[in-house]
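A short worksheet on the structure shown next.
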Amino acid sequence: MTPPTSRTWSRRGTTPVVRVRGRSQRRISIAALTCYRPGERSRLIYRPIIHRDHKVGGRRSFAWTDYRDLLITAHRQLGRPIVLAWDNLNVHRDARMRAFADAHDWLTIYYLPPYAPQLNPVEGIWSLLRRRCQANTHFTDPEHLMRTLRRGLREVQCRSDLIDGCLTGTGLTPNPSELNPQ
């Protein structure tokens, strides 16, 4: 499905043609959390994984244990309870994931309605990455792609106004009375 040639920006009148060798056998997955608290700086916590052996029976995406580890890390970094708004990905609704959430009082999960990606602020993060660090870039190998993604995500992490803009784009706002129980 990868075309034999790819076009990119160049000087006026000259369109460079870059040969693409074919699809990589590797797969990259990234999971991210956007964290909001009224009166505090917004945060982005992410975890990338390169799946090198997905063709020989390895996993092709994040497992529930990877999401569990991400949530534990986020809880340690934030030092507060987490209210999570998740989409309806099958791993998010896994019985083991629900059992984990039920076993920990610091974690509350709400599920977004089906087919509502416009309510997920993390979708705005992926859009930023596609428009900023991935635009007009010819990746030489999966490690080049991973370096570029990490650099782009670090830039977004440093700019809390971009993370706030992703929440604003959804039309959702955190309710301070629910986030700060008295």
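What to note about this one:
- Heavy-atom accessible area for Thr65, with the other protein chains in place and a 1.4 Å probe, reaches approximately 50 Å².
- Only protein heavy atoms count here; on that basis, with a 1.4 Å probe, Glu40 has an accessible area of about 90 Å².
- Residue-normalised accessible area of segment 56-150, given per residue in Å² at a 1.4 Å probe: 60
- Put Arg27, Arg96 in order of accessible area, highest first, and with a 1.4 Å probe you get Arg96, Arg27.
- Candidate residues Arg147, Arg98, Arg43, Arg12: accessible-area rank, largest first, probe 1.4 Å: Arg12, Arg147, Arg98, Arg43
- Per-residue accessible area (protein heavy atoms, 1.4 Å probe) orders Ile82, Ile50 as Ile50, Ile82, starting from the largest.
- Across the accessible surface of segment 104-161, with the other protein chains kept in place and a 1.4 Å probe, carbon and sulfur atoms take up 51 percent.
The values are calculated or read from the model by the stated rules, or taken from the named source; none is laboratory data. All figures in this text were calculated on a predicted structure; none of them were measured in a lab. When the accessible area is computed, the model is the full protein with side chains, heavy atoms only, and any ligands, DNA or RNA have been set aside. Shrake-Rupley method; radii C 1.70, N 1.55, O 1.52, S 1.80 Å.
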